[in-house]
1. Six or more apart or on different chains, Cβ under 6 Å: which pairs go from a residue in segment 4-22 that's closer than 25 Å to Glu47 by Cβ to one that's of a type in the set (Lys, Arg) and surrounded by 12 or more Cβ atoms within 10 Å (Cβ to Cβ)? Could you list them?
2. Considering only residues that are touching a strand residue (DSSP E or B) at 6+ places or on another chain (Cβ under 8 Å) and basic (Lys, Arg), look in segment 19-75 and name the one that is farthest from Ala4 (Cα to Cα).
3. So which pairs qualify, if the first residue must be in segment 56-71 and under 11 Å from Arg26 (Cβ atoms) and modelled with pLDDT of 95 or more, the second must be in a helix (DSSP H, G or I) and among the hydrophobic types (A, V, I, L, M, F, W, C), the Cβ gap must be under 6 Å, and the two must be at least 6 apart or on different chains?
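The values are calculated or read from the model by the stated rules, or taken from the named source; none is laboratory data. Predicted model, so just to flag it, every value in this text is computed and none were measured. FYI the Cβ positions are ideal-geometry reconstructions off the backbone, even for glycines, and counts take in every protein chain you see.
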Amino acid sequence: MIVAVDISLYPLDKNFIPPISDFITRLNKHPSLTVITNSMSTQIKGEYDLVMKLLNQEIKETFRNHDKSVFAIKILNNPISN
């Protein structure tokens, strides 16, 4: 099953850009994901099990490296193709 995820990271820190850039860079290293970034969020598209596994991994890495971060996530099953 293919899913689309809309995810936003809100580091609770004055220097908020580096953690966001780091997270997006790590997502883009996974060739099996489609990753599209805009000024408000990042959209990820891919196979459900893989997307959830990679999100778990990358969110955990963000929490380890950047104290006090918030993620807002929306997940859509069966997304419309572009």
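1. That search, which allows pairs on different chains as well, returns Ala4/Lys45.
2. Lys68
3. Qualifying pairs under 6 Å: Thr62/Phe23.
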